Amino acid sequence: METLFLYKDDGIEIAHRETPPATHKNTEYHSHDMYEIFCFVNGEAEYIVEDSVYPLRPGYILIMRPGEKHKIKTNTEKGYERFFINFSDSILSDYNLEERFLIPFTDRSVGKKNLYFPTDFQNISPKDIFSRLCVQDNYSKRNRISAYLYILLDGIYNAFNEKITLDNSNRSIPERLITHISEHLSGDLSLAALSEKFFLSPSQINRIFKKSVGISVGEYILTKRLTAAEDLLRNGSSALDACQRCGFRDYSAFYRSYRKHMGKSPRDVIVKIEKTIR
């Protein structure tokens, strides 16, 4: 492997690397504690993020958030070339940009919507931006890199919004609600929050959802949260941890709901699992 360019500073690493033919082995699954943008330049390869497989072509962009497992699988008889950036959210905080620019990384399911084509971007070429980033120039290097990185992140943000708009235009409101609930189970799923998100009144949301699914939004959310909590309990989580991770703000309310709907207490599940292990 040849490193054609490398820049490392607090909260950011940028590299341009080339691997000659028959000189490497495919990597194992790994993840980072920073955000990553990967740009494929040339070669024959596919990128695997969690359980999604993305065939690669020149100019394709992939994004990964911290903890998202990924690996590249290449034709080891042929070389390949790539750019990548790893960065922490701290480099965006000075200008309060993290809320906007990190949405494509965080506001999606793990291993989904990682891939972007060159045609997904308007008025910019991510591959060209990477080329400009990887220039040996010491003059105001950090400022220049920040400027190009912000342009790249803004392009990814706009492309992500286009994907979401296209997805939503082809799906019914109940389908979109179910997806949103599943992806934000620990967050605010009150009718007021859903109303603001979907531009519908609370009564409209309840009426449309119940007509399609057969139960109210509140009943559906409670069932999803209790089911998710039981899965966590069976996998070793404490009752309090399961309560908090599944969106319950009050443990006593969680305990009462769990007993009522599951016919047992959270502790009963934990004890049963402990006895099984012994």
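The values are calculated or read from the model by the stated rules, or taken from the named source; none is laboratory data. Note that this is a predicted model, so its numbers are computed, not measured. Positions of Cβ are generated from backbone atoms using ideal geometry, with glycine treated the same way; all protein chains shown enter the neighbour counts.
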Completion exercise
Taking the range 125-156 and keeping only residues that are surrounded by fewer than 17 Cβ atoms within 10 Å (Cβ to Cβ), touching a helix residue (DSSP H, G or I) at 6+ places or on another chain (Cβ under 9 Å) and either closer than 23 Å to Glu50 by Cα or of a type in the set (A, V, I, L, M, F, W, C) (or both), one is left with Val135, Ile151
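Per-residue answers, yes or no, for (1) of a type outside the set (D, E, K, R); (2) in a loop (DSSP other than H, G, I, E, B):
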position: Thr3; (1), (2): yes, no
position: Glu13; (1), (2): no, no
position: His16; (1), (2): yes, no
position: His32; (1), (2): yes, yes
position: Glu46; (1), (2): no, no
Problem - Members of the range 96-111 found to be surrounded by 12 or more Cβ atoms within 10 Å (Cβ to Cβ) and either charged (D, E, K, R) or over 8 Å from the mean Cα position of the chain (by Cα) (or both), listed by number - result: Leu97, Glu98, Arg100, Phe101, Leu102, Ile103, Asp107, Arg108
Completion exercise
Result of the Cβ filter at 7 Å on the range 103-131, keeping first residues that are without any contact (Cβ under 8 Å) to a residue 60 or more places away in the chain and partners that are of a type in the set (S, T, N, Q), at least 6 apart or interchain, is Pro118/Ser125; Gln122/Asn158
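Does at least one position in the range 179-186 carry a residue that is under 24 Å from the mean Cα position of the chain (by Cα), of a type in the set (Val, Ile, Thr), farther than 23 Å from Ser265 by Cβ and in the same structural domain as His261 (by TED's automatic domain parsing)? Spell out how you get there, then give the answer.
Taking the range 179-186 first, the residues under 24 Å from the mean Cα position of the chain (by Cα) are 179-186.
So of that shortlist, the ones also of a type in the set (Val, Ile, Thr) come out as 179, 181.
Then keep just the ones that are farther than 23 Å from Ser265 by Cβ; that gives 179, 181.
Filter once more, keeping what is in the same structural domain as His261 (by TED's automatic domain parsing): 179, 181.
Yes: one or more hits.
What about Gly263, is it closer than 29 Å to Pro104 by Cα and of a type outside the set (Asp, Glu)? Spell out how you get there, then give the answer.
Working: closer than 29 Å to Pro104 by Cα: no; of a type outside the set (Asp, Glu): yes.
Taking the combined requirement at face value, the residue does not satisfy it.
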Exercise for the section: Kindly indicate which of Leu92, Leu149 is at pLDDT 85 or above and in contact with a strand residue (DSSP E or B) (Cβ under 9 Å, 6 or more places away or on another chain). Expected result: Leu149
Practice task
Taking Tyr157 as the residue in question, decide whether it is touching a residue at least 40 places away in the same chain (Cβ under 8 Å) and either under 22 Å from Arg57 (Cα atoms) or acidic (Asp, Glu) (or both).
Solution key: yes
